[in-house]
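Asks: Below: one structure in C-alpha cells.
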Amino acid sequence: MMYSGVAITGMGIISSIGNTVEENYYSLIHKKSGLSYTKHIHTIHKEKIKVGEIALTNEVLEELLGLPNDNSFTRTSLLGAYAAKMAVEDAHIPDMSSSRTGLISATSVAGMDMTERYFHIYEQNPSLQKYIHSHHAGNCTQKIADYLGIKGMVSTISTACSSGANAIMLGATLIEQGVLDRVIVGGTDALCKFTINGFQSLLILSDTENKPFDKNRNGLNLGEAAAYLVLESWEQVQTHSKKVLACISGYGNANDAYHQTASSENGEGAYLAILKALQKANLQPDEIDYINVHGTATINNDLSESNALLRVFSNVPILSATKSYTGHTLAAAGAIEAVYSILSLQKATIFPTLHFTTKMDNSPLIPNTEVVHKNINHVLSNSFGFGGNCSSLIFSKCV
Amino acid sequence: MRVNNCYINGIGTVSAQALDFDAMKDNPAPLLASNKAVHPSYKEMIPAAMLRRMASGIKMGIFAAHQAIQDANETSVDAIITGTGMGCLQDTEKFLDNMLEQEEMYLSPTSFIQSTHNTVAAQIALHLSNKAYNFTYSNGSNSFEAALFDGMLQIHTLRAKQVLVGGVDELADKFDKLFRLVQQYKKTSDDINFIHPASTGACRAEGANFFLLSGEQTEKSYALLLDVFYFNKPRISLQDEVNDFLNRNQITKADIDILFLGYNADVNQQHWFDAYAVLFPDTMHAYYQHISGSFDTSSAYGLKLAAEILKKQTTPTSISYNHIKPRKLKHILLVNQSNGQDNSLVLIRAC
C-alpha cells in the first residue's frame with residue numbers, strides 16, 4: 001500500500017461550539033454559533049462585543065483534569081491539557097514512553113489571563129505568585145507535557161494567529177524526517193482582556209457577529225479554544241494496527257513582508273504559502289475539493305485572502321469560514337480548523353458559513369452557507385497572523 | 001538527527017558588554033544584578049521614526065540579524081527563525097500596564113501590535129523584504145535551540161541554502177520586578193559569584209545573538225553545526241540522553257574538548273549544571289553567562305563564543321570553569337537547562 005503524507009491517529013478539541021469532537025461537529029452541521037457576551041471576563045467591553053467563550057469555568061476544568069488545589073495552570077494550559085488529553089485518548093496511547101514521543105504546542109496568549117488579573121497585586125499576595133512562573137508560553141506547554149507524561153522533544157511555537165498551523169507543520173516534518181515516532185501537535189489560547197483590548201484598539205472587533213467574506217463585514221469576534229492532533233509514523237501505524245483519521249499531505253509557510261499587522265492587497269504571503277503546500281502535497285490546484293479559509297471577517301484579511309485564492313485557483317473550490325461559529329481563536333485557530341478539515345474528509349461534509357448575506361463588491365467569491373455532502377479528498381486550511389505570517393495546510397484522505 | 005552540511009558562516013551580537021569587547025582577549029566587565037544591553041547605533045539601519053517606537057528586542061534583533069548576514073558575505077536568506085523565552089516583553093508590559101491603569105480606555109494599538117512573540121522575526125523579514133519561511137519558538141531556556149534545530153532541519157532536509165537563526169530577549173521593568181520576587185533573578189543587594197554561588201537567582205540581562213547557517217563551507221565559516229537536541233525532561237536520565245546523543249553522532253565523551261555550561265550564579269541552579277558537568281570529569285568546562293548575563297536565550301551567546309573558539313583555535317582564560325586545558329579544539333558540546341526543564345544539547349565541530 002502506498003501512503004502519501006503523515007498519518008493523523010487522534011484528535012481532541014474544546015471550543016465555544018463544543019467540548020468534544022462530536023459536539024463541535026453537531027454545532028457545525030446545525031449552524032449553532034458559539035458567539036455570546038462574556039460571562040468570565042471582567043472587561044468594560046463586555047456588553048459591546050460578542051466572543052466565542054467556552055462555558056466551562058477554570059474550576060470545573062481543574063476538576064475534570066483532576067488537578068491538585070495548589071496547581072498553577074492558567075486557563076490557556078487548562079484548555080490545552082483538556083484537548084490534548086482527548087487527542088491522546090482518541091489515538092489509544094496507553095504508554096507515552098513506548099516510543100519517541102514529542103509535543104509541539106502553540107500559544108500566543110500563554111499565561112496572560114492570570115498575569116492581567118494579578119500584575120499589580122502580586123507583591124502583596126504571596127499565594128498568587130505561583131502564577132508569575134506561568135506567564136511565559138513555554139510554561140503552558142511544559143504543563144501539558146507533564147500532565148500527559150511526555151518526556152522528550154517538547155517545544156512551543158508563537159507566531160500569532162498562524163501558530164497552531166505552524167505547530168502542525170513542524171510536527172509533520174519531525175515525523176517525516178524520522179526524528180520522532182509520535183508527536184502531539186496543536187494550539188491553545190484563552191480569552192483575556194489583553195487580546196480583547198488589543199484588537200479593540202486596532203478597531204477590528206465586530207460589534208455584532210462576524211460575517212466572513214461578506215460585503216458588510218465589520219471585523220472579527222475573538223474566541224478561545226484548544227485542539228490537538230496525534231501524528232504517528234507509518235511504522236507505528238502498521239505495528240500497532242492504528243486507525244488513521246486522515247493524512248497531512250502538504251504544508252507551507254511564507255511571509256507577506258508587507259506590514260506588521262495588515263495583509264498585502266494581493267495576498268502575496270498567502271499565495272506563496274498555498275503554492276508551497278500544493279507543491280509539498282504534489283497536487284494541482286484543481287485537486288483541492290474544499291477550502292477552510294482563514295476568513296476572520298476583517299475588511300483587510302478577507303479581501304487579501306480572496307485575492308490570493310483567485311491567483312492560485314482558476315476555479316476557486318467551495319469554501320467556508322468556521323470563525324463565524326467559534327470566533328478567531330488566535331493560536332488555536334489553525335488547530336481547531338485542522339480538526340474541522342479532518343471532519344469534512346471523514347463525513348464527506350462541507351460546513352456552512354454563518355451570517356453571510358451579501359457578496360463582496362471587489363471579489364466574486366461567495367462562501368458556502370449550507371451543509372453540503374460531497375466526496376472530499378483534499379482540504380486546504382489557511383491561517384494567517386500578525387507579522388505577515390502565512391501558513392497553509394492540506395489534509396487528505398490516506399491512499 | 002546528525003547532519004554533515006550545516007555551517008555557521010556569520011554571527012551578529014548585541015550584548016551587555018562594550019561594543020568593542022573581544023572575548024578572545026578582553027576581560028569582561030563584571031555584571032550587576034540587572035544588565036542593560038550596550039546598544040550600537042541603529043540609525044544607519046532603521047529610520048528614526050521607526051526607531052522611536054521600537055523596543056530594545058526589535059532593534060537588537062534587526063541589528064544582530066543584519067550583522068550575521070553581512071559577516072557571512074551574504075545578501076539574502078531562505079528562512080528566518082527566532083527563539084525568545086519571554087517574547088516582546090517591553091511592549092507587552094506597556095500595553096498591559098496602560099490597559100490596567102487606564103481601565104481599558106484610550107489605548108494605542110502600537111504596543112499591542114509589537115507585543116506578539118514573532119515581532120522580531122517579522123520585522124527582520126520586513127527589513128530584508130524577505131518572503132521566506134518565518135518561525136518563532138518560545139519555550140523557556142531552549143527557545144533558541146528549538147530555532148537552531150529548525151534551521152538545521154531547513155538546511156539539511158528542506159534544501160535551504162542560507163538560514164538566519166537567532167535568539168533575542170529584552171528587559172522590562174515591571175516584569176523583571178516580578179521575576180525577582182520569585183527569585184528567578186537577583187536583587188541589587190545579592191552577592192554575585194559564578195563559581196561558588198550563595199544567593200538565589202541569575203544576573204538578569206538582555207541581548208540578541210544571530211547566526212547565518214549555510215549548506216556550504218566558505219572562508220568565513222566558524223564551525224560545523226553537527227547536531228541539536230532539545231527535550232523537556234530526560235526520559236530516563238541525563239546520562240542516557242547525553243550518551244544517546246553522542247552515540248548518534250558517533251563520538252565519545254573523550255572527543256569533547258570543551259563542555260559549555262550555562263552556570264548562572266544561581267545557588268538553586270548550580271546542581272542542575274553540575275549534573276551535566278560530572279558526566280565529563282576529564283573535559284574542560286566553560287561558562288559564559290558571567291559575560292552575557294542571563295536571559296532565556298543567553299545560551300545563543302554561548303554558541304557564539306564556542307564557534308569563535310573553534311574558528312580562532314584559541315580559548316580565552318575568562319571562560320574556564322575548571323582547571324582542565326583542552327588538548328585540541330575540535331568538538332564543543334553546549335548544554336543548557338532551567339531548573340531541570342527545557343534542556344538542550346548542541347554539538348559543533350571545527351571546520
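Asks: Which whole number in µm²/s is D for the stretch B:223-349 by Stokes-Einstein, with the Kirkwood Rh taken over Cα pairs at 20 °C and 1.002 mPa s?
Replies: Calculated translational D: 148 µm²/s.
Asks: What is the local net charge at B:Arg248, summed over the other residues whose Cβ is closer than 10 Å to its Cβ (Lys, Arg +1; Asp, Glu -1)? Can you show the working numbers first?
Replies: On the way: positive: B:Arg2; negative: B:Asp227, B:Asp244.
Here the charged neighbours net out to -1.
Asks: Testing the spin-label approximation: label points 7 Å from Cα along Cα→Cβ at A:Gln284 and A:Ser36. State their distance in nm.
Replies: 4.8
Asks: Just want the ordering: B:Asp240, A:Asp361, B:Asp169, A:Asp289, from fewest to most Cβ atoms lying within 10 Å of their own Cβ.
Replies: Lowest to highest Cβ neighbour count: A:Asp361, B:Asp240, A:Asp289, B:Asp169.
Asks: Give me the percent relative contact order of chain A, please, defined on Cα pairs under 8 angstrom at least 6 residues apart.
Replies: Relative contact order, chain A: 23 percent.
Asks: Starting from the Cα of A:Lys242, draw a straight line to each of the lysines and keep only those under 21 Å, dropping any in the same chain fewer than 8 residues away.
Replies: Answer for A:Lys242, where 21 Å is the Cα cut-off: A:Lys85, A:Lys347, A:Lys397, listed by chain and number.
Asks: Per the helix-only calculation at 222 nm, which mean residue ellipticity applies to chain A, given -39500 (n - 2.57) for every DSSP H run of n ≥ 4 and division by its residues, nearest 500 deg cm²/dmol?
Replies: Working: 12 runs with 128 residues, N = 399.
Result for chain A: -9500 deg cm²/dmol, rounded to the nearest 500.
Asks: If you take the beta carbon distance between B:Lys325 and A:Ala262 as r and set R0 to 51 Å, what does 1/(1 + (r/R0)^6) give as a FRET efficiency, to the nearest 0.05?
Replies: For R0 = 51 Å, the calculated efficiency reads 0.35.
Asks: For labels at B:Lys161 and B:Ser129 in the simple 7 Å Cα→Cβ model, what's the distance in nm?
Replies: Calculated label separation equals 1.8 nm.
Asks: Taking other Cβ within 10 Å of each residue's Cβ, how do B:Leu224, B:Leu305, A:Leu330, A:Leu272 sort, fewest first?
Replies: Ascending Cβ contact count within 10 Å gives the list B:Leu224, A:Leu272, B:Leu305, A:Leu330.
Asks: Of A:Lys276/B:Lys161; A:Lys32/A:Lys193; B:Lys25/B:Lys220, which ones are farther than 22 Å apart at the Cα?
Replies: The pairs that break the limit, which is 22 Å between Cα atoms, are A:Lys32/A:Lys193.
Asks: Cα-based Rg (one decimal) and Dmax (whole number) for the protein assembly as shown, in Å?
Replies: 24.4, 76
Asks: How long are the three semi-axes of the equivalent ellipsoid for the stretch A:6-239, computed from the Cα gyration tensor as the root of 5 times each eigenvalue, in whole Å, largest first?
Replies: Calculated on Cα positions only, the semi-axes equal 30, 23, 16 Å.
Asks: With an 8 Å Cα cut-off and a minimum separation of 6 or more residues, compute the relative contact order for the stretch A:6-239 in percent.
Replies: 30
Asks: For the stretch A:184-232, just the Cα set please: Rg and Dmax, both in angstrom.
Replies: 14.2, 43
Asks: Quick one: compute the contact order of the stretch A:294-390, relative version, from alpha carbon pairs under 8 angstrom and 6+ residues apart, as a percent.
Replies: Numbers: 108 pairs, mean separation 30.0, N = 97.
The value is 31 percent.
Asks: Could you give me the ³J(HN,Hα) list for the stretch B:243-249, computed from phi with Karplus coefficients 6.51, -1.76, 1.60 and θ = phi - 60°, whole Hz, x at Gly and Pro?
Replies: 4, 4, 4, 5, 4, 4, 9
Asks: Considering just Cα atoms, how many Å³ per residue does the convex hull of the stretch B:7-214 enclose? Spell out each step's value before the answer.
Replies: Values: hull volume 29.5 nm³, N = 208.
Residue-normalised Cα hull volume stands at 142 Å³.
Asks: In the stretch B:203-282, how does Rg compare with the Kirkwood Rh, expressed as the Rg/Rh ratio over alpha carbon atoms? Don't skip to the answer; put the middle values down first.
Replies: Values: Rg = 15.5 Å, Rh = 15.5 Å.
Radius of gyration relative to Kirkwood radius: 1.00.
Asks: Give me log10 I(q)/I(0) at q = 0.17, 0.26 Å⁻¹ for the stretch A:150-238, Debye formula, one equal scatterer per alpha-carbon, no solvent.
Replies: -0.80, -1.30
Asks: I need A:Thr43, A:Thr369, B:Thr84 ordered by Cβ neighbour count within 10 Å, fewest first.
Replies: So the residues, fewest neighbours to most, are A:Thr369, A:Thr43, B:Thr84.
Asks: For chain B, take the alpha-carbon Rg, divide it by the Kirkwood Rh, and send me Rg/Rh.
Replies: That ratio is 0.95, to two decimals.
Asks: For all pairs of alpha-carbon atoms in chain A, what percent lies in each bin of width 10 Å, listed from the first bin to the last filled one?
Replies: Reading upward from the zero bin: 5, 26, 36, 24, 8, 1, 0.
Asks: Hey, what number do you get for chain B at 222 nm if only DSSP H runs of n ≥ 4 count, each worth -39500 (n - 2.57), divided across all residues, to the nearest 500?
Replies: After summing the helix terms and dividing by residue count, I get -9000 deg cm²/dmol.
Asks: Taking the simple approach of a point 7 Å from Cα along Cα-to-Cβ for both A:Ser98 and B:Ala48, what is their distance in nm?
Replies: 6.7
Asks: Taking 0.36 nm per residue of separation and subtracting the Cα-Cα distance, what length does fully extending B:Arg2 through B:Asn27 add?
Replies: 5.5 nm
Bear in mind these aren't lab numbers, they're just calculated from the coordinates by the rules spelled out. Since the structure is predicted, the reported quantities are computational estimates derived from the model, not experimental observations. Here the Cβ is made from the backbone with ideal geometry for all residues, glycine too, and neighbour counts use every protein chain on show.
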